[in-house]
Amino acid sequence: MFNATKDKKLPTAMVGSFPKPTWFTESLRGRPFKVAMGDSLYREQYIDAVACYMNEQEQAGLDIFTDGDTRFDLEVGGRSWFFYTIERLNGVSGFRDSSHFLDYADIKPGHILYEVQEAYHPPAVTDKVTRGPLHFSALWKTAQKMTSKPVKFGSISATCLPMMLWNEYYKTDHALVMDLAAALNEELRELADAGCPVIQIEEPPHHFACCTTPPATDKELESYTQAFNREVEGVNTEVWAHTCWGNPNQQSFYWERPSYERSLPHLLQLNADILTLEGASNQGRDLPLLKHYKTDKKIAIGVINHTVTTVEPPQMIADLIRRALEYVPPERLIITADCGFGREGLSRRIAFYKCIALVQGTNMVRRELGLPEAEIRAADPRFAFRPVE
């Protein structure tokens, strides 16, 4: 189902997270969102932060907005991406001293990601997992009422959660994942029924699993697909499947990004309308893979690298979009970033100008194709302090 991208060519969007404002000092600290909104200080800071994100995306000229993942607390290495959901599921308790986080890369003490994983103390699954107070609908409504643009709501995939859980209840990890998927499915169906135009399921782990030692078998990859499809079963809205090569503390797991080659046919079997792929970090190296597969899915290509602070030149972004158009027609191509900007890795100013550059580069290609260009108020010379000739 296409909602936000229906009949649109080269729509633009960010992935999800934006850097936390320095003045946003309150935190959920494990509370349900609607309970925390009864705290005057938290409520004011939360609403103001979401309003800032809406305003900056509007100034940049993006077509589809996000709420900046404002519900996530400022924690080491984006810990809240995992733990917002984990802390609000039933059947999970306590904590352990280590996680499965480093199973996906050969990382030792002295590497920043080793320090990140030391800050993650995952709990154990001690009973059947069921849905808890996730409050996705309330979160989305808080943002959507601030803008007439469609607001995309993203959440971690059920298949990612076992990386931060110790299974002490289920006979198999697959059984755990399927119950996680069922619990999240209830929440996502409610969110879709509330009117959310786009739901983004983040990091089905097929591509990472192809890089482990030993790499995942086809049967294991198929089990991930089964779990993803259970998670989105009956979710009646536009569904995006976001993939990237990591973003804890603005870090990728890999300096040289691996290829999507083996995982791509499995990712295309996901019951998602749109598949997102990193493109900026590898200069579009994997784009030619798309010519080997026929699909009705739209492809969202990352043209902004979230792991570098330098703002990409619009011309470079336009060049990458032109290469993508060799393999994906404009009615099936979406322009985005490789991943979210995180909460502690980039400054708000850098993230803002990366958004502007993305739309500027997209406008160059739109102009060449005779498509309407987006207004970028942040780049309008009329509003510059110093007059521009």
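A few points about this structure:
- Lys/Arg +1, Asp/Glu -1 at C-beta; the chain dipole; positive extreme among 245, 54, 27: 54
- Modelled FRET efficiency - R0 22 Å, residue 271 with residue 219, Cβ distances, 0.05 increments: 0.70
- Our summary gives the chain a relative contact order of 21 percent, counting only alpha carbon pairs under 8 angstrom and 6 or more residues apart.
- Residues residue 285 and residue 331, FRET efficiency given R0 of 22 Å [Cβ-Cβ distance, rounded to 0.05]: 0.35
- About the centre of its Cα atoms, region 197-274 shows a dipole size close to 160 debye [charges on the beta carbon of Lys, Arg (+1) and Asp, Glu (-1) only; nearest 20 debye].
- Net charge contributed by nearby residues that have their C-beta within less than 13 Å of residue 318 (K/R +1, D/E -1): 0
- Sorted by Cβ neighbour density within 10 Å, fewest at the top, the residues 93, 252: 93, 252
- Net charge in the neighbourhood of residue 81 (other residues with Cβ under 10 Å of its Cβ; Lys, Arg +1, Asp, Glu -1) is -2.
- Helical content alone sets the calculated 222 nm signal of the chain at -10000 deg cm²/dmol, taking -39,500 (n - 2.57) per DSSP H segment of four or more residues and averaging over every residue.
- Residue-span extension gain [residue 73 to residue 138] - 0.36 nm each, minus C-alpha spacing: 21.7 nm
- Only Lys, Arg (+1) and Asp, Glu (-1) charged, at Cβ; the chain dipole about Cα centre in debye: 700
- Sorted by Cβ neighbour density within 10 Å, fewest at the top, the residues 231, 256: 256, 231
- Near the amide H of residue 311, within less than 5 Å, lie no amide hydrogens of residues on another chain or at least 5 residues away, with H placed in the peptide plane.
- Region 317-389 and region 31-61 have their alpha-carbon centroids 25 Å apart.
- Considering only 358, 379, 342, and ranking their Cα positions along the charge dipole of the chain that arises from unit charges at the beta-carbon of Lys, Arg, Asp and Glu, the one farthest toward the positive end is 379.
- Pairs of C-alpha atoms in the chain farther apart than 39 Å represent 11 percent of all such pairs.
- Positive-pole candidate from 176, 155, 281, dipole of region 151-302, charges at beta carbon: 281
- Couplings 3J(HN,Hα) for region 92-102, derived from phi with the Karplus relation 6.51 cos²θ - 1.76 cosθ + 1.60 (θ = phi - 60°), are 10, 7, x, 7, 10, 7, 8, 10, 8, 4, 8 Hz, where x marks Gly and Pro.
- Residue exposure proxy: 286, 97, 127, ordered by other Cβ atoms within 10 angstrom of their Cβ from fewest to most, comes out as 97, 127, 286.
- Each label was represented as a point 7 Å from its Cα along the Cα-to-Cβ direction; for residue 31 and residue 384 these points are 4.6 nm apart.
- Max mean-square fluctuation residue, GNM over the chain, Cα-Cα springs under 10 Å, options 325, 139, 369: 369
- Choice from 46, 224, 327 showing the highest fluctuation, given a GNM over the chain with Cα pairs closer than 10 Å: 327
- Rg [Å, one decimal], Dmax [Å, integer] - region 255-389, C-alpha atoms: 16.0, 53
- Additional length obtainable on full extension of the chain from residue 226 to residue 145, 0.36 nm per residue less Cα span: 25.7 nm
- Amide H within-cut-off set for residue 306, under 5 Å, with H built and near neighbours excluded: 338, 339
- Given their separation in residues at 0.36 nm each and the Cα-Cα distance between them, residue 212 and residue 309 gain 32.1 nm when the chain is fully extended.
- Region 265-287 and region 118-191 have Cα centres spaced 23 Å apart.
- Note on residue 7 and residue 103: the model spin-label points, each 7 Å out from Cα along the C-beta direction, lie 4.7 nm apart.
- Once the C-beta distance of residue 175 and residue 255 is scaled by a Förster radius of 35 Å, the resulting FRET efficiency is 0.45 to the nearest 0.05.
- Label-reachable residues, region 105-123, where backbone N falls under 17 Å from a point 7 Å from residue 350's Cα toward its Cβ: 112-113
- HN-Hα J in Hz across region 140-149 - Karplus 6.51, -1.76, 1.60, θ = phi - 60°, x for Gly and Pro: 5, 4, 4, 7, 5, 6, 8, 8, 8, 6
- Cys with no candidate disulfide partner in the chain (beta-carbon separation under 4.7 Å rule): 52, 160, 196, 210, 211, 355
- Sequence-ordered 3J(HN,Hα) estimates for region 60-66 from the Karplus curve with 6.51, -1.76 and 1.60 and θ = phi - 60° stand at 6, x, 5, 8, 10, 9, 10 Hz, glycine and proline given as x.
Laboratory data are not the source of any read-out in this text; all were calculated from the coordinates shown. Since this is a predicted model, take the numbers as computed values, not measurements. Don't worry about glycine lacking a Cβ; one is built from the backbone with ideal geometry, like all the others, and counts go over all protein chains shown.
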